[in-house]
1. Per the Kirkwood formula on distinct C-alpha pairs, the Rh of the range 256-308 is how many angstrom?
2. Expected output is a single nm value to one decimal: the length gained when fully extending between I297 and C234, i.e. 0.36 nm times separation in residues minus the C-alpha distance. What is it?
3. How much net charge surrounds L244 when only the other residues with a Cβ under 14 Å from the Cβ of L244 are counted, with Lys and Arg +1 and Asp and Glu -1?
4. With a sphere of radius 10 Å drawn around the Cβ of V54, what net charge do the other residues whose Cβ falls strictly inside it have (Lys, Arg +1; Asp, Glu -1)?
5. Provide the FRET efficiency to the nearest 0.05 for the Q269-S222 pair, computing r from the beta carbons and using R0 = 41 Å.
6. Under 15 Å Cα to Cα from K148, which aspartates and glutamates show up? Leave out anything in the same chain fewer than 8 places away.
7. For T290 and D127 in one chain, what is 0.36 nm times their gap in residues minus the Cα-Cα distance, to one decimal in nm?
8. Can you return the aspartates and glutamates within cross-link range of K48? Criterion is Cα-Cα under 16 Å, with same-chain partners fewer than 8 residues away left out.
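Just so you know, all these numbers are worked out from the coordinates, no wet-lab data involved. These figures come from a predicted structure and were not determined experimentally. Ideal geometry is used to build each Cβ from the backbone, glycine not excepted, and the neighbour counts take in all protein chains shown.
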Amino acid sequence: MASSISSCVIGANKQTVARSWCHSPAMQQSRRIHTLMQCCENTCTMLKLRVAVVADDLGASAGRDAGILLAYRAGVVTTMSILANGPTSNTVVLRKPEYEHVGLHLNLTEGRSLSAPLTVQTLLGTDGNFLGKEGFAQACNRGEICRKEVKHETERQLRWYALRFGRRARTADGHHHCHMQPWVARTIADVWRNSGVESTRMPVGPSPCTTCSAVEWLPVYSGFRQASAFVGFCGVPYTEQEFLDQVEPFVFTVPSLEIMVHPGLFDPQDDTFGQSADRTNETVVLCGMTLPDRLNILNAALVPRNEI
């Protein structure tokens, strides 16, 4: 019995000491410090710059497809943008989870239309192909592009996407930023909105690939998820450090940033842009093992465009 009473007394003493320590100034101070550290950690997470790295021109060639997929699987490219009328758009092999991070790269400037030529005559040249980047822009400026034909071809490319991927396109942008041409921007925006597209690219900001005239058309795309800032790497070589230098000014100044890139591997079947050594250079930089960690150190988080 004495032993049993002694054990109870010792147990009670331990509980008293524990309660006393829990309410001691030292323990309360420790709790405050822990809470403050958690708040700081949560605030830093909330303030992280969300960066969507979008690789254009999936489907342009086998070499371009290979470079884009390498960069995506390395973890830096977060969204791929596919050409509905690209030479390899129907044959590029994607893993099932990757389908979620492929958007439509609306093409009204290069190659053949998906629509019957007679239904999109103002979009085509005498050779039956689209008018080209400059030709399309000039025709828009002259008011020669039929908006009904733009609507028809845009819908046709969205239908192709739905058949290819088994779902609607949740994100879309324009090849050569054709979606920002003032003459047709509202038409394209209305088609995308009615088709369930949720996010797009606004190529406005301090970037070599900025579409300056796009500023006045920003309200046309209101309601679409879009990055706060844009940086475009288009046809110019860059290093990993130069990539990071483009990101750093936006940390703690805006909530989100989209970076446009054009990785690829040499392909003799590709055009001059695709065969350039700059495509391989981009692939090497974007596949760099240290790039994700260095972005994290900058307080930047890589996300798909739909999470921007």
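1. When all Cα pairs of the range 256-308 are included, the Kirkwood radius is 12.8 Å.
2. That pair, I297 and C234, stretches by 20.1 nm at full extension.
3. -4
4. It works out to a net charge of -1.
5. 0.50
6. Once the sequence-local aspartates and glutamates are set aside, what remains near K148 is D190.
7. Gain in length upon complete extension: 54.0 nm.
8. Hits, sequence-local ones excluded: E248, E258, D293, E307.
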